[in-house]
Amino acid sequence: MTENLEQCTVIGDEDDPLVSRIYPAPEHPGRNAFQRDRERIVQSRAFRRLAGKTQVFTSRSSDHFRSRLTHTIEVAEIARAAAAQLGLNEDLAETLALAHDIGHAPFGHAGERALDRCLRRHGLSFDHNLHALRIVEHFEQRYAAHRGLNLTLGVREGIIKHSRDYKAEAHPALAEYLLDERPPLEAQLIDLADEIAYLTADLDDGVESGLLEIGHIRENITIVKRCYRSVQEKHSGVEEKYLFHEALQLMQNVLTDDLIATTRANARAMGAGSLEEIRRHPERLAVFSPQAESERLEEKRYLFDTLYTCDSLEKEHDKAEEVVTALFDFWIGDPEELPAGYFEEIEDEGLPRVVADYIAGMTDSFILELYAQVKRAIRR
């Protein structure tokens with residue numbers, strides 16, 4: 001077993017089935033298949049709309065808070081660094097990180113929950129991974145010969161499976177995505193890179209917003225306390241906010257290094273010698289160590305109790321539910337008010353799914369604008 005995991009990586013050459021596309025596409029002499037997919041994603045409208053979608057705080061609150069777009073860039077940096085240290089396919093890992101949130105609805109998780117509740121009244125559900133697949137396969141229209149971005153199988157599989165496993169019997173339409181097998185390590189890394197990025201960023205934005213206090217964070221989050229103390233020992237007398245920023249960076253590095261070391265150790269322990277063995281393993285190998293996982297859960301509970309459910313954000317969540325639900329019900333009741341392109345989809349997809357597709361693609365500002373228009377129209 002080598003120190004790194006080159007023998008377990010996605011090769012990505014022209015004979016690799018993971019670089020196959022739905023429609024034939026000529027190769028490019030200067031870019032590999034996953035690099036081309038990365039550019040297709042970055043140039044997509046769905047990717048650009050991430051700039052106007054909530055991460056934790058609405059983009060209207062401050063120019064300094066993360067949006068879905070800036071969060072995505074941070075995840076991509078972590079994922080690529082981890083893949084490089086493990087000897088995995090950096091281009092695939094980066095591409096999956098850049099695509100991992102394009103299926104999210106406006107208003108963050110609050111908007112997604114509201115949209116899911118609306119759909120469940122019609123026997124359906126909303127899943128941002130599966131919606132992301134619909135985006136790249138159907139909604140993006142940038143080519144004369146076909147709909148969708150025509151991404152490789154490896155990227156499409158990773159979009160679906162990077163954060164969870166789906167049962168094949170529950171999703172027969174997704175049979176080509178190897179639902180009975182684990183995803184490659186490049187895809188497994190994305191969910192943990194996402195965790196590292198938002199655990200760091202949400203503390204930073206929480207303090208910037210005034211909703212969290214550095215002293216309280218240090219008292220209640222073990223890993224932050226440890227990192228802050230380490231930074232403070234090297235920079236005595238420095239203002240607290242600068243020590244805190246550096247402690248957060250140290251925490252991010254600690255968690256990233258732990259993910260790399262634990263993934264490598266897990267692969268070594270099982271004697272992994274190929275991607276096929278990674279796929280057949282009953283559990284994912286890209287995980288945190290028990291200590292890091294315990295500290296991650298402690299921080300996540302802290303953020304839930306002190307930030308995500310605080311009064312000011314709960315008011316935003318209530319507003320998100322009001323807006324999403326009202327617009328969903330409006331178009332269910334009057335589908336002819338949908339844009340022509342969506343109205344034409346109703347026969348194939350059914351009205352509830354089409355309405356959800358329309359809402360899911362909106363930015364925060366656009367959905368608020370439409371909500372105001374609908375309210376004015378109803379009053380008349």
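Just so you know, all these numbers are worked out from the coordinates, no wet-lab data involved. Quick caveat, the model's predicted, so the values are computed rather than measured. FYI the Cβ positions are ideal-geometry reconstructions off the backbone, even for glycines, and counts take in every protein chain you see.
Key figures
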| read-out | value |
| --- | --- |
| Of ASN253, PRO290, PHE330, farthest towards positive along the dipole that unit charges on Lys, Arg, Asp, Glu beta carbons give the chain | PHE330 |
| Cα gyration tensor shape of region 64-211, rounded if a/c is under 1.5, else prolate or oblate by comparing a/b with b/c | oblate |
| Region 248-342 shape via C-alpha gyration tensor axes, a/c threshold 1.5 | oblate |
| Contact order relative to length of the chain, as percent, for alpha carbon pairs under 8 angstrom and 6 or more apart | 21 percent |
| Relative contact order, percent, region 170-280 [alpha-carbon distance under 8 Å, six or more residues apart] | 35 percent |
| Dipole moment magnitude, nearest 20 debye, region 315-379 about Cα centre, only Lys, Arg, Asp, Glu C-beta charged | 440 debye |
| Helical segments meeting 15 Å axial Cα length and Kyte-Doolittle 0.0 threshold in the chain (DSSP H) | 68-86, 185-209, 364-379 |
| Calculated from backbone phi, Karplus (6.51, -1.76, 1.60) coupling profile of region 9-26 in Hz, x at Gly/Pro | 7, 7, 5, x, 7, 5, 8, 6, x, 6, 9, 5, 10, 5, 10, x, 9, x |
| Virtual spin-label span in nm between ARG229 and HIS245, 7 Å along Cα→Cβ | 2.5 nm |
| Per-peptide average of other Cβ atoms within 10 Å, ordering 249-261, 170-182, 100-112 highest first | 100-112, 249-261, 170-182 |
| Sparse-neighbourhood loop sites, trypsin sites (Lys or Arg not before Pro) in region 46-76 - DSSP loop, at most 13 other Cβ within 10 angstrom | ARG60 |
| Cβ-based charge dipole, the chain, positive-most Cα from SER312, SER236, SER125 | SER312 |
| 222 nm mean residue ellipticity, helices alone, for the chain (DSSP H n ≥ 4; -39,500 (n - 2.57); rounded to 500) | -18500 deg cm²/dmol |
